[in-house]
Amino acid sequence: MPNVKVDGVDIEVPAGATILQACELAGKEIPRFCYHERLSIAGNCRMCLVEVKPGPPKPQASCALPVGEGQEIITMSPMVKKAREGVMEFLLINHPLDCPICDQGGECDLQDQAIAYGRGHSRFAENKRAVTEKYMGPVVKTIMTRCIQCTRCIRFAEEVAGVEEIGAIGRGENMEITSYLEGAITSELSGNVVDLCPVGALVSKPYSFEARPWELRKVPAIDVMDGVGTNIRLDARMREVMRALPRINEDVNEEWAHDKTRHAVDGLLRNRLDRPWVRRDGKLEQASWDEAFKAISEVAKSAGSSVAAVAGDLLDVETMYAAKKFVQSLGSTLLEGRQTGLSYDTSNLAAVNFNSTIAGIETADVILLVGTNPRWEATLVNTRIRKAVKAGAKVFGIGPEIDLTYPVEWLGDDLSLLSKLPKAAASLLKDALRPAIIIGAGALKIEGAQAASLALVDQFNLVRPDSGGGAWNGYNVLHTAAARMGGLMLGYAQPGGMAALATAAPKLLFLLGADEADLGPFANSFKVYVGHHGDRGASEADVILPGAAYSEKHGLYVNIEGRVQLSERAVDPPGDAREDWSIFRALSQLTGQPLPFDNFAQLRAALYSEFPAFARPGLVTYEWAPPALPTAKIEKNRAIFYPIRDFYLTNPIARSSPTLQRCSAEILHGQEFLEAAE
C-alpha cells in the first residue's frame with residue numbers, strides 16, 4: 001500500500017487508488033463534476049485539479065491520476081486555487097442565469113462549487129451558446145443549455161442501467177448530449193440521471209416547478225414498490241409527499257432507485273379512500289365508522305371462527321401482526337399473504353429467502369435464473385447481476401427470452417429443464433466457486449418447481465463454505481412484494497395457499513390491501529377491505545375501511561433477503577382514514593375480544609416479544625434446513641409466464657399515478673404524446 005503526503009499529512013492508501021481518493025481518505029474536499037464513485041473515470045471537467053510532486057509544475061486532474069509511492073499532494077496551493085477559478089470561469093461561459101427558476105436551485109453542485117471555488121466574476125462578455133431541448137421521455141426534463149458535458153448520464157446509462165440510449169453528438173463547442181433519436185429512455189432506472197446531473201440540465205419532469213428543497217420535510221422511509229426494500233427519503237410539504245429520492249445503503253440499493261419508486265408518489269393523492277363505505281342493496285354507500293363497525297361486528301357474531309385475512313403486497317409488519325391477533329381472537333388461524341395463488345412450502349424460511357443477499361449476488365460466478373424477470377421484478381437486484389456479469393459471471397435462464405441488459409444463455413421456455421439441465425450449464429454450475437440459482441414466482445406457481453429447485457442444492461453444492469472462511473448459500477427465491485417476507489415470518493401462509501383458503505369458505509374475509517387476489521371463489525364471504533386506494537379489492541368489498549399508505553405510518557418492512565428495516569411517517573392519512581393497526585384495535589373492542597395494545601408503542605412491544613427477530617433492524621439469517629418435499633415430475637413443455645406484465649402498473653398506488661400511467665403507455669405500449677409546442 002503506497003504511502004503519500006497530503007497537505008503535509010502522511011497517509012497509507014490502497015494500491016490502485018487515485019489521487020482524488022487519497023485526498024478524501026485524508027479528509028480533504030476535492031471539487032468535481034464528472035467524477036462519480038460508481039461510474040468509470042472520464043476526467044473531462046478538470047475541476048478536481050491538485051498539485052502533485054514529483055511531477056510537472058502544473059495542476060493535474062486528481063480523479064484520473066493513480067497514487068504513487070512517496071508522492072506529495074497539495075490541494076490548496078495558490079496554483080491550484082487559480083487553476084480551479086479558471087476552470088469554473090470556463091464552465092460558466094455559456095451557463096445561463098437560470099438559478100431563480102431552476103429546479104436544481106438549492107441542491108446544485110455548480111452553485112455550491114461556484115461559490116466555494118469560483119472567482120466571483122467573469123472576464124467573458126461574449127454571447128452565450130444556446131442548445132435546443134432534447135426529449136428523454138415522461139420522467140426526465142431537459143434544459144440542455146445548462147449542460148456542462150460531464151457525461152455522467154451517458155456513463156450511467158451504459159454502465160449501470162445497461163441501456164445505451166444517451167450519448168454525445170458534435171465536437172468541441174457544438175457538442176450536445178441527447179437520447180437516441182431524441183426518443184424516450186426505456187430504462188427503468190432513467191430517473192437516476194436527475195440525481196447524477198451536477199447542474200440543472202436534467203431535472204425531474206413530474207416534480208418540475210413544484211417545490212424548493214428548503215420548503216420540504218425530509219423523512220427516511222422504505223420503498224414498497226417491490227421486495228428489494230430500497231432505502232428512500234420522502235420529501236413532504238404540508239400533507240403532500242412531493243417526491244421520493246434514494247438514500248445510500250450499500251447492502252440494498254447502493255444509491256439508486258427505479259422510476260416506479262420515484263414517481264409513484266403522485267398516486268398517493270389520487271383514488272384515495274378517505275371515509276368508510278358499506279354495501280347496501282348491492283351498492284356501496286358512504287357511512288360512518290360506527291355504521292361500518294356495526295355491520296362487521298354483526299357478521300362476526302354469526303361467523304364465529306370462520307374468519308380469514310388475506311394480506312396485500314404493500315403492508316407493514318405491524319398491520320399484519322394486528323390483523324393476525326384480531327383473527328386469532330375470533331378463534332381462527334386462516335391467514336394468507338400470497339394473494340396471487342402461490343402455495344410453496346414455508347416450513348423453513350431459508351428455502352424461500354434470497355440467501356446470497358442482494359450485495360452478495362455480485363460475487364456469484366455462475367447464475368441460473370428460473371422463471372424470473374429480475375429487470376422488472378427486482379430492478380436493483382438486476383443491476384447487481386449485471387455487475388457480476390461484468391466481473392466475468394455466466395448467466396443461464398429458463399423462461400421466455402427477454403432483454404435483461406446483460407448476456408444470458410437461454411436454455412428454453414420449459415420448466416422441466418430444471419430436472420435435467422443441459423450439460424454445458426450443469427458443468428459450469430458444478431465447477432463454479434460461487435454458483436447461484438434465482439427462482440421466481442413464474443416458476444413457483446408450477447407444481448413441483450420448488451422441489452426440483454431444492455434438488456439442485458445438493459446436485460451443485462450451492463450451500464458451502466467459501467474461501468474467506470464464511471459460508472455461501474446460492475439458493476435464492478425472488479419475491480415481488482414488499483410484504484412477502486414479513487408476512488411469511490408472521491405465518492401468513494396456509495398449506496395450499498389461496499386455494500385452501502377458498503376451500504375453508506370463511507364467512508368473514510378481511511382483505512388487507514389485497515388488490516391482486518382472485519376473489520371469485522369467495523363470492524359467499526362477507527368481504528371487508530382495509531386499504532388506502534379504491535382499486536380492485538375495494539370494488540368487491542361489502543365494507544371498506546380507509547387505511548394509511550406506506551408514507552402515512554411508521555412501519556417495519558422485511559425485504560427479499562430477510563433484512564428488517566424501519567420506515568417513518570411523512571404525512572397524515574387523508575380525511576377519516578386511520579392507521580391500519582388502530583382499525584383492528586377498535587374493531588376488537590366491539591367483538592368483545594380487545595387486543596392487548598392501546599397505542600403503537602405497545603403494539604411494537606407485543607410484536608417484539610412474540611417475534612424477537614423484528615426487534616433488531618438488520619439481516620435475519622436462517623439455518624439451512626430445507627423441507628423434504630415429495631418429488632413431483634414436471635410435465636414436458638411446461639411453459640413459464642412471468643408474473644409482471646406491466647412494470648409500471650403493479651399495485652394500486654402505481655395504477656393511480658398519472659406519471660406511471662404515461663410511462664406504461666409511452667415506453668411499453670408505444671403510444672405517442674405531443675409536447676406543448678406540438
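The values are calculated or read from the model by the stated rules, or taken from the named source; none is laboratory data. None of these values were measured; they are calculated from a predicted model. Cβ sites come from the backbone with ideal geometry, for glycine too, and all protein chains shown count toward neighbours. Ligands, DNA and RNA are excluded from the accessible area calculation, which covers all protein heavy atoms including side chains. Shrake-Rupley method; radii C 1.70, N 1.55, O 1.52, S 1.80 Å.
Looking at the stretch 113-135, can you tell me whether even one residue there is of a type in the set (D, E, K, R), part of a helix (DSSP H, G or I) and either open to solvent by less than 40 Å² (accessible area, probe 1.4 Å) or modelled with pLDDT under 95 (or both)?
Taking the stretch 113-135 and keeping what is of a type in the set (D, E, K, R), we get 119, 123, 126, 128-129, 133-134.
Now restrict to residues that are part of a helix (DSSP H, G or I): none.
No, the conditions are met nowhere in the stretch 113-135.
Go over the candidates Leu284, Leu245 one by one and state the one that is touching a residue at least 24 places away in the same chain (Cβ under 8 Å), touching a Phe, Trp or Tyr at 6+ places or on another chain (Cβ under 6 Å) and not in a helix (DSSP H, G or I).
Working: Leu245 fails: touching a Phe, Trp or Tyr at 6+ places or on another chain (Cβ under 6 Å).
Result: Leu284 is the single residue among Leu284, Leu245 that is touching a residue at least 24 places away in the same chain (Cβ under 8 Å), touching a Phe, Trp or Tyr at 6+ places or on another chain (Cβ under 6 Å) and not in a helix (DSSP H, G or I).
Please specify each residue of the stretch 556-586 satisfying the condition of being open to solvent by 40 Å² or more (accessible area, probe 1.4 Å), charged (D, E, K, R) and more than 30 Å from Ser288 (Cβ to Cβ).
If the condition is that a residue be open to solvent by 40 Å² or more (accessible area, probe 1.4 Å), charged (D, E, K, R) and more than 30 Å from Ser288 (Cβ to Cβ), then Glu568 is the only one that fits.
Taking strands (runs of 3 or more DSSP E) that fall entirely within the stretch 428-490, which contain at least 1 residues that are over 30 Å from Pro652 (Cβ atoms) and open to solvent by less than 30 Å² (accessible area, probe 1.4 Å)? Please lay out each step first, then the result.
On the way: elements: 435-440, 463-465, 471-473, 475-478.
By residue number, 435-440, 471-473, 475-478.
Within the stretch 531-544, how many residues turn out to be in contact with a Leu (Cβ under 8 Å, 6 or more places away or on another chain), in contact (Cβ under 8 Å) with a residue 40 or more places away in the chain and more than 21 Å from Asp266 (Cα to Cα)?
Qualifying residue count for the region: 2.
On the given criteria, is Val327 more than 30 Å from the chain's Cα centre (by Cα) and either open to solvent by less than 20 Å² (accessible area, probe 1.4 Å) or not hydrophobic (A, V, I, L, M, F, W, C) (or both)? Steps first, answer last, please.
Values: more than 30 Å from the chain's Cα centre (by Cα): yes; either open to solvent by less than 20 Å² (accessible area, probe 1.4 Å) or not hydrophobic (A, V, I, L, M, F, W, C) (or both): yes.
Yes; evaluated as a whole, the condition is true for this residue.
Cβ-Cβ below 8 Å, separation at least six or inter-chain, first residue in the stretch 619-634 and touching a residue at least 60 places away in the same chain (Cβ under 8 Å) and farther than 19 Å from Leu444 by Cβ, second charged (D, E, K, R) and open to solvent by 50 Å² or more (accessible area, probe 1.4 Å): which pairs?
Final answer for the pair search is Leu619/Asp251.
Going residue by residue through the stretch 615-622, is there one that turns out to be of a type in the set (Ser, Thr, Tyr) and loosely packed, with under 13 Cβ neighbours inside 10 Å?
Checked against the condition, which is being of a type in the set (Ser, Thr, Tyr) and loosely packed, with under 13 Cβ neighbours inside 10 Å, the stretch 615-622 yields no hits at all.
Out of curiosity, is Glu516 out of contact with any Leu (no Cβ under 8 Å at 6 or more places or on another chain) and in contact (Cβ under 8 Å) with a residue 24 or more places away in the chain? Spell out how you get there, then give the answer.
Values: out of contact with any Leu (no Cβ under 8 Å at 6 or more places or on another chain): yes; in contact (Cβ under 8 Å) with a residue 24 or more places away in the chain: yes.
So Glu516 fits the description; yes.
So which residues in the stretch 22-47 are within 29 Å of Lys390 (Cβ to Cβ), open to solvent by 70 Å² or more (accessible area, probe 1.4 Å) and under 31 Å from the mean Cα position of the chain (by Cα)?
Of everything in the stretch 22-47, those that are within 29 Å of Lys390 (Cβ to Cβ), open to solvent by 70 Å² or more (accessible area, probe 1.4 Å) and under 31 Å from the mean Cα position of the chain (by Cα) turn out to be Glu24, Leu25, Glu37, Ile41.
Considering every residue within the stretch 200-222, establish whether at least one is of a type outside the set (A, V, I, L, M), surrounded by 24 or more Cβ atoms within 10 Å (Cβ to Cβ) and over 26 Å from Ala482 (Cβ atoms). Let's see the steps before the verdict.
First, pick out the residues of the stretch 200-222 that are of a type outside the set (A, V, I, L, M): 200, 204-210, 212-215, 217-218, 220.
Those still in the list that are surrounded by 24 or more Cβ atoms within 10 Å (Cβ to Cβ) too: 200.
Still in the running and over 26 Å from Ala482 (Cβ atoms): 200.
Yes, because at least one residue in the stretch 200-222 is of a type outside the set (A, V, I, L, M), surrounded by 24 or more Cβ atoms within 10 Å (Cβ to Cβ) and over 26 Å from Ala482 (Cβ atoms).
For the stretch 86-112, what are the residues that are open to solvent by 30 Å² or more (accessible area, probe 1.4 Å), outside any loop (DSSP other than H, G, I, E, B) and not hydrophobic (A, V, I, L, M, F, W, C)?
Pro100, Asp109, Gln111, Asp112
Mind checking which pairs have a first residue in the stretch 41-53 that is within 22 Å of Asp7 (Cβ to Cβ) and without any contact (Cβ under 8 Å) to a residue 40 or more places away in the chain and a second that is among the acidic types (Asp, Glu) and surrounded by fewer than 20 Cβ atoms within 10 Å (Cβ to Cβ), Cβ under 7 Å, 6 or more apart or different chains?
Lys53/Glu72
From the residues in the stretch 618-661 that are at pLDDT below 85 and β-branched (Val, Ile, Thr), which one is nearest to the chain's Cα centre (by Cα)?
The residue in question is Ile634.
Please work out if Ala654 is surrounded by 12 or more Cβ atoms within 10 Å (Cβ to Cβ), small (Gly, Ala, Ser), in contact with a Pro (Cβ under 9 Å, 6 or more places away or on another chain) and not in a loop (DSSP other than H, G, I, E, B).
Working: surrounded by 12 or more Cβ atoms within 10 Å (Cβ to Cβ): yes; small (Gly, Ala, Ser): yes; in contact with a Pro (Cβ under 9 Å, 6 or more places away or on another chain): no; not in a loop (DSSP other than H, G, I, E, B): yes.
Taking the combined requirement at face value, the residue does not satisfy it.
Kindly list the number of the only condition in (1) open to solvent by less than 10 Å² (accessible area, probe 1.4 Å); (2) touching a Pro at 6+ places or on another chain (Cβ under 8 Å) that fails for His532.
Here His532 clears every test but (1).
Output the residues belonging to the stretch 587-605 that are within 29 Å of the chain's Cα centre (by Cα), surrounded by 13 or more Cβ atoms within 10 Å (Cβ to Cβ), over 23 Å from Val241 (Cα atoms) and not charged (D, E, K, R).
Our first condition is that a residue be within 29 Å of the chain's Cα centre (by Cα); within the stretch 587-605, this holds for 600-601, 603-605.
Still in the running and surrounded by 13 or more Cβ atoms within 10 Å (Cβ to Cβ): 600, 603-605.
Those still in the list that are over 23 Å from Val241 (Cα atoms) too: 603-605.
The answer is Leu603, Ala605.
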